[in-house]
Every structure is written in C-alpha cells, then in structure tokens.
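Trainee: Would you mind keeping the following structure in view while I ask a few things?
Derivation of every value follows stated rules applied to the coordinates shown; laboratory data play no part. Just so it is clear, the structure is predicted and the values come from calculations on it, not from any experiment. Counting neighbours? That spans all protein chains shown, and the Cβs are built from the backbone with ideal geometry, glycine included.
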Amino acid sequence: MNMNVSDFLEKWGRTLFEGPLATRTAPLESPRELAEIRFAILEEVRRHSYRAGARIVFPFDLVRVHLRGVEEARAGVFRSSFFRQYLEHEICANLRADSVRFPDQLRLEVDVSVGLPLPNEPWLTVAVASLQQPGARPPARLVVQSGSANAPELAIEKPRVYIGREVDVYRNGAIHRRNDLAFADESVSREHAHIDYDKATGEYRLFNDPLLPPAAPIPAPASSATSVSREVPRDTRGTRLEPGDEVHLGRAIVVFTV
C-alpha cells in the first residue's frame, strides 16, 4: 500500500535521524507526487551543472521550489522542515554520487501557494540561485599551527598569496617577491609555495613553487581526522585545498579554513 507524503516523511525522518548507524535493507518507496517533485528538482540541478576542468560543478547554493494549488490540509506537510530536509538530502546525495562539486552551504527553500491553480499555471517550478554576490569568493584563512610566522593567521583576500621564508625576497639586489605569510625557519624555502583562487570552480589551489626543491613532506598525525598529508606536485594545476587541510611547509604547519 502506498504511503501518503506525510507518512513517508515521518518514516524517512526516523530512518535517517533516529538510526544513523542502521543499514537500510531497501530504499523507501516514495509517493508518486513526492517522486515527481524529487525528479523535477534533480533534473534542474543537473541542467545547471557544467564541466570546469576535469570536474563537473554545481556552483549555486540555493534551490527554490514553488508548489501551487496545494490543499490547505496538506500545506503544512510541504512547509515542514522534514520535507525541506528530505529534498536537501536527496540533492546532496545525488551530487556526491555523480562526483559533482557543490557549495557546502547548499540550501533549499520551499514556497507553497494554497488554493486552486490558475489555468495553464504549472503546479511545480524549480529555480537555482546564488546567495553570494556574483564573483564573490568564500572567505578563507591560513591559521599557523606550528612555526614562527609574521602573523598568527592570514586572510586569503587576493587572487594569489605567497608563502615562504622572510617577507621580502631579493634577487640581484632588488625585491623579487613579497611573501604574505613568512616563516623564520630554515626548513621553509624563501619561495616555498603560493595559493591561487580559481573563479571558474570556486577552488583554492596550493602550488609548490619550482625554483627551489620543496622540503620533504611531514606526515600528519594519524589521530587528526581533518588532517591531510599529501605531496603537492610541481605542475600548473596544483592541489585543491579542502577545509581543515594541514599544509606542511618544512617544519611549519598551517591549517586551511573556510
């Protein structure tokens, strides 16, 4: 027997929130109306996803759903937090399954119009939007965890920030480079690394600067769940930084936060 939307959301909520460690033997069969809403949302998300380099991205952080012609008795179900959480969960789960990069703060809004729909008026519309201003980047910082630097943390506010030993780097008697984050440590190269912000993908990428060989990578503590230990290649693509990544620069360590 098919469940109605309210019964489905209640059972889904118990399954997801009350038993997060339990394995579901079979997926819940959603009511036809809810399945149509889910399908329309996922199709709109796919339509607005696109390739950027080697990855598919969905850069929008807001999905708006408008339901029209809803009966007064059922309006509360569609306005409920369970309904919104269910759809947000489905969007994020499908994006992850398709290896699509999307904003961590992706949210969904639901607007419900009660009463009879107008002639030729669609009962369901889906739209995507960005809460951030066009071209705005997510604020990011480098927080010094180990080592003596010119500042305890650095806000990444420029398209490129440089990291190395000493602030001013001279060549042939003239300033060649100015490090935004500078360490007083011989294990850090004078021109050690830099971080670029990629507008197309919304990514921060870490680069090993090629003039001097990089210091040997230092393994991150195994007990730190958010720590990442990986060698950054010397190439034109760099390595994508994730929130919580530890960047090892010789003996110095900084944490990348967003």
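Trainee: How high is the FRET efficiency from R74 to N150, r the C-beta distance, R0 45 Å, rounded to 0.05? Mind showing how you got there, number by number?
Mentor: Working: r = 60 Å, r/R0 = 1.34.
Efficiency, from the Cβ-Cβ distance: 0.15.
Trainee: Please report, in whole Å³, the volume per residue of the convex hull around the C-alpha atoms of the range 127-200. Intermediate values should be presented prior to the final figure.
Mentor: On the way: hull volume 8.7 nm³, N = 74.
In the range 127-200, the Cα hull volume divided by residue count equals 118 Å³.
Trainee: If you don't mind, there's one more thing I want to ask. Describe numerically, in nm with one decimal, the distance between label points set 7 Å from Cα along Cα→Cβ at E186 and at N172.
Mentor: Once both label points are built, they end up 2.9 nm from each other.
Trainee: Just add up the charged neighbours of D61: K/R +1, D/E -1, any other residue whose Cβ is under 10 Å from the Cβ of D61. Please list the in-between numbers first.
Mentor: Details: positive: R107; negative: D104.
Value of the local net charge: 0.
Trainee: While we're looking at this one, here's another question. Starting at the first residue of the range 95-111, write each ³J(HN,Hα) from the Karplus equation 6.51 cos²θ - 1.76 cosθ + 1.60 with θ = phi - 60°, in whole Hz, x for Gly and Pro.
Mentor: After applying 6.51 cos²θ - 1.76 cosθ + 1.60, I find 5, 5, 4, 8, 6, 9, 7, 8, x, 5, 8, 4, 10, 10, 10, 10, 10 Hz.
Trainee: Mind listing the long-range amide H neighbours of L108? Cut-off is under 5 Å, sequence gap 5 or more, other chains count too, H placed in the peptide plane at 1.01 Å from N.
Mentor: Close amide H contacts, sequence-distant or interchain: V63.
Trainee: What distance in nm lies between label points placed 7 Å from Cα along the C-beta direction at R32 and A93?
Mentor: Inter-label distance under the simple model: 2.3 nm.
Trainee: Continuing with this model, one more query. Residues with amide H under 5 Å of G69's amide H, sequence separation 5 or more or different chain, H placed in the peptide plane at 1.01 Å from N; which?
Mentor: The answer is S113, G115.
Trainee: Near D168, within a Cβ-to-Cβ distance under 12 Å, what is the net charge of the other residues, with Lys and Arg +1 and Asp and Glu -1?
Mentor: Details: positive: R165, R171, R177, R178, R190; negative: E166, D180, E191.
Neighbour charge sum, excluding D168 itself: +2.
Trainee: Hey, can you grab everything whose amide H is under 5 Å from the amide H of A52? Only 5+ residues off in sequence or another chain; H modelled, so Pro and N-termini drop out.
Mentor: V57
Trainee: Using label points projected 7 Å from each Cα along Cα→Cβ, tell me how many nm separate K158 and R240, to one decimal.
Mentor: Label-label distance for K158 and R240, simple model: 2.6 nm.
Trainee: In addition: Which order, highest average first, do 170-178, 244-252, 156-164 follow once you tally other Cβ atoms within 10 Å for each residue and take the mean per peptide? All intermediate terms of the calculation are to be shown ahead of the outcome.
Mentor: Values: 170-178: 9.9, 244-252: 20.3, 156-164: 17.3.
Result, highest mean Cβ count within 10 Å first: 244-252, 156-164, 170-178.
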